[in-house]
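> Sharing a structure below in structure tokens format, with a few things to ask.
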Amino acid sequence: MIAATEREREILRAIRDMSIAKGYPPSIRELCEELNIASTNGVIEHLRRLHQKGLLVREIATARAVRLTLDGAAEAETHQRKEA
């Protein structure tokens with residue numbers, strides 16, 4: 001597995017936290033707002049790289065189409081522990 005960058009860990013944490021809070025994964029626009037990313041293309045590119053690294057699964061046909069893999073959840077935890 002290729003390690004996630006700090007920004008990618010931040011995105012994984014946002015996906016995890018928003019999924020827990022709402023009971024379903026965030027949309028790309030919601031991730032833009034949460035992470036202060038101006039362009040949906042920026043979020044899409046991050047999600048593409050996270051998918052390639054095996055840290056999340058994307059289903060193209062639905063709006064809320066991301067979920068963390070076990071490795072992705074572990075990366076999100078690593079990021080959170082470093083902040084504490």
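> Give me the residue from segment 41-64 that is modelled with pLDDT of 90 or more and basic (Lys, Arg) and, out of that set, farthest from Ile11 (Cα to Cα).
Lys53
> Which is in contact (Cβ under 8 Å) with a residue 40 or more places away in the chain, of a type in the set (A, V, I, L, M) and out of contact with any strand residue (DSSP E or B) (no Cβ under 7 Å at 6 or more places or on another chain), of Ala38, Ala4, Ala14, Ala21?
So the residue among Ala38, Ala4, Ala14, Ala21 that is in contact (Cβ under 8 Å) with a residue 40 or more places away in the chain, of a type in the set (A, V, I, L, M) and out of contact with any strand residue (DSSP E or B) (no Cβ under 7 Å at 6 or more places or on another chain) is Ala4.
> Report, by residue number, each residue of segment 71-84 that is modelled with pLDDT under 75 and of a type in the set (A, V, I, L, M, F, W, C).
Ala84 - this is the single residue of segment 71-84 that is modelled with pLDDT under 75 and of a type in the set (A, V, I, L, M, F, W, C).
> For the list (1) of a type in the set (A, V, I, L, M); (2) at pLDDT 90 or above; (3) under 13 Å from the mean Cα position of the chain (by Cα), I need the number of the one condition that Ala38 fails.
(3)
The values are calculated or read from the model by the stated rules, or taken from the named source; none is laboratory data. Everything numeric in this text was worked out from a predicted model, so none of it was measured. Note: ideal-geometry Cβ built from the backbone for every residue, glycine included; neighbour counts use all protein chains shown.
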